[in-house]
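Where a number appears in this text, it was derived from the coordinates with a stated rule and is not lab data. All values derive from a computational prediction rather than experimental measurement. Cβ placement follows ideal geometry from the backbone for every residue including glycine, while neighbour counts extend to all protein chains displayed.
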Amino acid sequence: MLSVPAWLVETAMFALIGRAFGFDYGYPTYLAAMISANLAVAIPVALWNFGPYEALVGGILTAAGADAATAVSYALTVHLATSLWINATGLLAFWAMRVRPGEILGVRGPPAVPGPGGEA
């Protein structure tokens, strides 16, 4: 239940970008596009799932009446906006938690060599 508000906000983002593209579809169309986008990324197929994401979201908008080129351009824009937002908030969270890049990537210094007394 806690994810419902996030989905509604994400759908609102889909609708706002749709308005920027000149689409005049109702909220249910954008909800269907958002659901299809989330289904597209559920199974990793390609880097950032480029391709399946655009095909499904573009297909929803084409079915709603948009021409195919504009629908795919919209899908690409929404995908980039969503990915940038996720990456930006992730980096902000890492910064707030004081996580260093080496901790994320598993890069550590050389292992400690025990001294003569068995202490590292």
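All conditions but one from (1) closer than 17 Å to Trp7 by Cα; (2) over 11 Å from the mean Cα position of the chain (by Cα) apply to Ile86; the one that does not is (2). Here Thr62 meets the list (1) of a type in the set (Ser, Thr, Tyr); (2) surrounded by 18 or more Cβ atoms within 10 Å (Cβ to Cβ); (3) assigned to a helix (DSSP H, G or I) almost entirely, failing just condition (2).
Can you find a residue in region 72-80 that is part of a helix (DSSP H, G or I), surrounded by fewer than 19 Cβ atoms within 10 Å (Cβ to Cβ) and of a type in the set (Gly, Ala, Ser)? Taking every residue of region 72-80 in turn, at least one turns out to be part of a helix (DSSP H, G or I), surrounded by fewer than 19 Cβ atoms within 10 Å (Cβ to Cβ) and of a type in the set (Gly, Ala, Ser). Any chance region 20-43 includes a residue that's surrounded by 12 or more Cβ atoms within 10 Å (Cβ to Cβ), assigned to a loop (DSSP other than H, G, I, E, B) and either without any contact (Cβ under 8 Å) to a residue 12 or more places away in the chain or under 16 Å from the mean Cα position of the chain (by Cα) (or both)? Within region 20-43 (the criterion being surrounded by 12 or more Cβ atoms within 10 Å (Cβ to Cβ), assigned to a loop (DSSP other than H, G, I, E, B) and either without any contact (Cβ under 8 Å) to a residue 12 or more places away in the chain or under 16 Å from the mean Cα position of the chain (by Cα) (or both)), the answer is yes, since at least one residue qualifies.
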